[in-house]
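A.B. asks: This is the structure, below, for whatever I ask next.
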Amino acid sequence: MNGKVICNTGPIVALSIIDRIDILRHLFELVAVPEAVHKEILEGGAANAGLANYQKVRWIKVVALSNPVDPLLRTSFDAGEGEKIRR
């Protein structure tokens, strides 16, 4: 296993859809998502893509930002991407 990863919505949803979210657990000792990413995943998009598999895992840590996201990041990226870059 390799260190830690802070993950964005895309990889988690993609791996959840193909029922292989466990790959992250095998690759990293800590998998974390910013709160905004967690919220995006729970909202699930039009088809709740990958939501069921994401909700089953208990080893992904939801982390809060210690500093607010720069307003420039908010104009260029969605909330989850901005928080991921900020971390």
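Where a number appears in this text, it was derived from the coordinates with a stated rule and is not lab data. Keep in mind that this is a model prediction, so the values were computed, not measured. Neighbour counts are summed over all protein chains in view; Cβ atoms, including those assigned to glycine, are modelled from backbone coordinates with ideal geometry.
A.B. asks: Return the long-range amide H neighbours of VAL33 (sequence gap of 5 or more, or a different chain), with a cut-off of under 5 Å between placed amide H atoms.
C.D. replies: For VAL33, whose amide H was placed from the backbone, the distant partners under 5 Å are CYS7, LYS61, VAL62, VAL63.
A.B. asks: Could you order the peptides 33-43, 55-65 from most to least packed, using the average number of other C-beta atoms within 10 Å per residue?
C.D. replies: So the order, starting with the most tightly packed, is 33-43, 55-65.
A.B. asks: Summing +1 for each Lys or Arg and -1 for each Asp or Glu, what net charge is found among the other residues whose Cβ lies under 10 Å from the Cβ of ASN53?
C.D. replies: Once all neighbours under 10 Å are counted, the net charge is 0.
A.B. asks: A further question follows. Pop a pseudo-label 7 angstrom from the Cα along the beta-carbon direction at both ARG58 and ILE23 and give the gap in nm to one decimal.
C.D. replies: My value for the distance between the label points is 2.5 nm.
A.B. asks: Also: Take the Cβ-Cβ distance between ASN2 and GLU43 as r, set R0 to 35 Å, and report the resulting FRET efficiency rounded to the nearest 0.05.
C.D. replies: The computed FRET efficiency comes out at 0.75.
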